[in-house]
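Here is the structure we will look at, set down as structure tokens.
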Amino acid sequence: MKQIGIIGVGYVGLTTAACLAEMGHQVIGIDTDRQKVALLGQGQIPFSEPQLPELVERNLRAGSLSFTTHYSEALRDADMVFICVGTPSSPSGHADLSQVEAAARQIARFATRSLIVVLKSTVPPGGNAEWLADILQANLPSTIKAPLVVNPEFLREGSAVYDCFHPDRVVVGAWDTAAAEEVAGLYVPLQCPILLTDPASAQMTKYASNAFLATKISFINEIARVAERIGANIHAVAQGMGFDGRIGAEFLESGLGYGGSCFPKDVLALSAIAEQHGYSSQLLQAVMEINATQREWAVLKLEQALVSLQDKAICVLGLAFKPDTDDVREAPALELINMLCQRGAQVQAYDPVAIPTAQKVLPPHAGLRYCGDAYEAIQGSDAILIATHWPEFRSLDWDRVRSTMAGSTVLDGRGLLSSDQMRTLGFEYLAFAS
Ligand code: UDX
């Protein structure tokens, strides 16, 4: 059993804290946000993540998990401290490491004994691990050792708890072998492959993994553009490809492209790191460009179907960047709503859980109304745009939908519905090459 501090209790930090507590460790989560810490102490999770509320509640009650705003409290007896703060994109495209630096400086200030510093935040390779180790060494008393271990996360929002307990692999990058082994030891009960390597290779593994998944998505979206021109069905193509074990069936769903707090940021940061080190990645540039223009494709399709978007009522179903989360960061839906409103459309939007988070970044206005359920959003619309593949949209009463819409156009941005069924019901069904 280890005493573990977790700095930053957001999507990654809170999931990591709860899972390590569940695995028998004594965990204290640290955050600068007093209100968030107070809510967490009462078992209230400030975002939607399946299974996480129960996991936090159980470990709060068991006394294996607690939260504080005081580093001194969390580091006093810590064997390890995890840095799980955000690394958002800066205007230049590089990852903003200011929160990571602040966490390292606080560790150096409040550590009272030697401990292992585990970097779980997504930090680009190319000298940042050395930079962080230098900050720790320069600010700690010489009697306190704080070896740095890079341990990137591979958690998917919406299944983060499952992914924590069932990782495909754990990657541990360190110069200090003993420290690496101790961190690797945390994951032995999970019985998964554990790769021990150097920090830069561990960081690059994280970026390369996300960039490859993003590349698969932009690849299938480019193939969909060709398929549409030659009359091929992209879903059949993706299925046919997926049977090949070397390709794999996942991440071949064509549609509005990727969003979220990882792929956009990580592909951009990797591209920026490459540029910084004298290499311009044509492939990563193309991945980002294809992804960005998927949104334009959707608006063009709606304009073609409705002749003009001016004063048209467009129902947007789905706001979150993917199902099973309320996260709207880089969500295609929000970008599309702005593009539709700029063209004079009246948008009526619905999402099962993400309306509160969407409203914070995109408040209602003359051209945008958030609705209480899907049917309210559909009522009187000239067209429907499905922007998130929530399963509940598949099980709508599409006969009822047809009769309550003003128009008959459905643009299925996520390949959720059957083109044959929708066309039989009398819809003008639009999708990416299906
Ligand atoms: C991703 C990685 O999967 C995870 O390993 C990493 O730790 C963090 O980033 P996440 O961003 O939560 O996880 O979501 P993911 O399920 O990967 O989907 C990312 C985006 O790609 C979503 O917008 C999703 O709609 C889109 N997507 C996914 C597609 O457009 N097509 C697909 O086939 C799969």
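Key figures for this structure:
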{"item": "Criterion (away from the ligand (no atom under 11 Å from the Cβ) and of a type in the set (S, T, N, Q)) met by exactly one of 261, 308, 218", "result": "308"}
{"item": "Segments classed as helices (runs of 4 or more DSSP H), wholly inside the range 1-84, with at least 2 members that are of a type in the set (Asp, Glu) and surrounded by fewer than 16 Cβ atoms within 10 Å (Cβ to Cβ)", "result": "none"}
{"item": "Meets criteria (among the basic types (Lys, Arg), more than 10 Å from the ligand (Cβ to nearest atom) and either touching a residue at least 24 places away in the same chain (Cβ under 8 Å) or part of a loop (DSSP other than H, G, I, E, B) (or both)) for residue 229", "result": "no"}
{"item": "Selection status of residue 200, more than 16 Å from the ligand (Cβ to nearest atom), crowded, with 18+ Cβ neighbours inside 10 Å, closer than 30 Å to residue 113 by Cβ and in contact (Cβ under 8 Å) with a residue 12 or more places away in the chain", "result": "no"}
{"item": "Of the criteria (1) more than 26 Å from residue 224 (Cβ to Cβ); (2) basic (Lys, Arg); (3) within 23 Å of the chain's Cα centre (by Cα), which one residue 400 fails", "result": "(3)"}
{"item": "Residue 213 vs. criteria surrounded by 15 or more Cβ atoms within 10 Å (Cβ to Cβ) and more than 10 Å from the ligand (Cβ to nearest atom)", "result": "no"}
{"item": "Number of positions in the range 281-300 that are surrounded by fewer than 19 Cβ atoms within 10 Å (Cβ to Cβ) and under 16 Å from residue 428 (Cα atoms)", "result": "1"}
{"item": "Filtered residue count, the range 255-280, keeping only those that are among the charged types (D, E, K, R) and surrounded by 20 or more Cβ atoms within 10 Å (Cβ to Cβ)", "result": "2"}
{"item": "Candidates 408, 381, 418, filtered to the one that is among the polar types (S, T, N, Q) and more than 18 Å from residue 314 (Cα to Cα)", "result": "418"}
{"item": "Every residue from the range 253-279 that is in a loop (DSSP other than H, G, I, E, B) and within 30 Å of residue 200 (Cβ to Cβ)", "result": "257, 258, 259, 260, 261, 262, 277, 278, 279"}
{"item": "Matching option when the condition is away from the ligand (no atom under 13 Å from the Cβ) and in contact with an Asp or Glu (Cβ under 9 Å, 6 or more places away or on another chain), among 286, 272", "result": "286"}
{"item": "Residue check, residue 374 in contact (Cβ under 8 Å) with a residue 12 or more places away in the chain and within 16 Å of the ligand (Cβ to nearest atom)", "result": "no"}
{"item": "Pairs with Cβ under 9 Å, 6+ apart, first in the range 249-276 and over 22 Å from residue 385 (Cβ atoms) and acidic (Asp, Glu), second part of a loop (DSSP other than H, G, I, E, B) and within 13 Å of the ligand (Cβ to nearest atom)", "result": "266/122"}
{"item": "Selection from the range 110-152 of residues that are within 16 Å of the ligand (Cβ to nearest atom) and either in contact with a Ser or Thr (Cβ under 7 Å, 6 or more places away or on another chain) or in the same structural domain as residue 391 (by TED's automatic domain parsing) (or both)", "result": "120, 121, 122, 123, 152"}
{"item": "Criterion: free of Cβ contacts under 8 Å to residues at least 12 places away in the same chain and of a type outside the set (Gly, Ala, Ser) - qualifying residue of 188, 237", "result": "188"}
{"item": "Candidates 236, 224, 232 - the one that is crowded, with 22+ Cβ neighbours inside 10 Å and either over 30 Å from residue 91 (Cβ atoms) or not assigned by TED's automatic domain parsing to the domain that holds residue 153 (or both)", "result": "224"}
{"item": "Contacts under 6 angstrom Cβ, first residue in the range 68-81 being closer than 11 Å to residue 26 by Cα, partner part of a strand (DSSP E or B) and among the small types (Gly, Ala, Ser), 6 or more apart", "result": "74/5; 78/5"}
{"item": "Any chance residue 112 is of a type in the set (Val, Ile, Thr), in contact (Cβ under 8 Å) with a residue 60 or more places away in the chain and part of a loop (DSSP other than H, G, I, E, B)", "result": "no"}
{"item": "Filtered residue count, the range 155-191, keeping only those that are surrounded by fewer than 17 Cβ atoms within 10 Å (Cβ to Cβ) and either within 14 Å of the ligand (Cβ to nearest atom) or not β-branched (Val, Ile, Thr) (or both)", "result": "15"}
{"item": "Residue 304, sole failed condition from (1) buried (at least 16 other Cβ atoms within 10 Å of the Cβ); (2) without any contact (Cβ under 8 Å) to a residue 24 or more places away in the chain; (3) not β-branched (Val, Ile, Thr)", "result": "(1)"}
{"item": "Residue ID - nearest to residue 51 (Cα to Cα), chosen from residues in the range 155-194 that are in contact with a His (Cβ under 8 Å, 6 or more places away or on another chain) and assigned to a helix (DSSP H, G or I)", "result": "190"}
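The values are calculated or read from the model by the stated rules, or taken from the named source; none is laboratory data. What you see is a predicted model, and the numbers here were worked out from it, not measured in a lab. In this analysis, Cβ positions are derived from the backbone assuming ideal geometry, glycine residues included, and neighbour counts consider all displayed protein chains.
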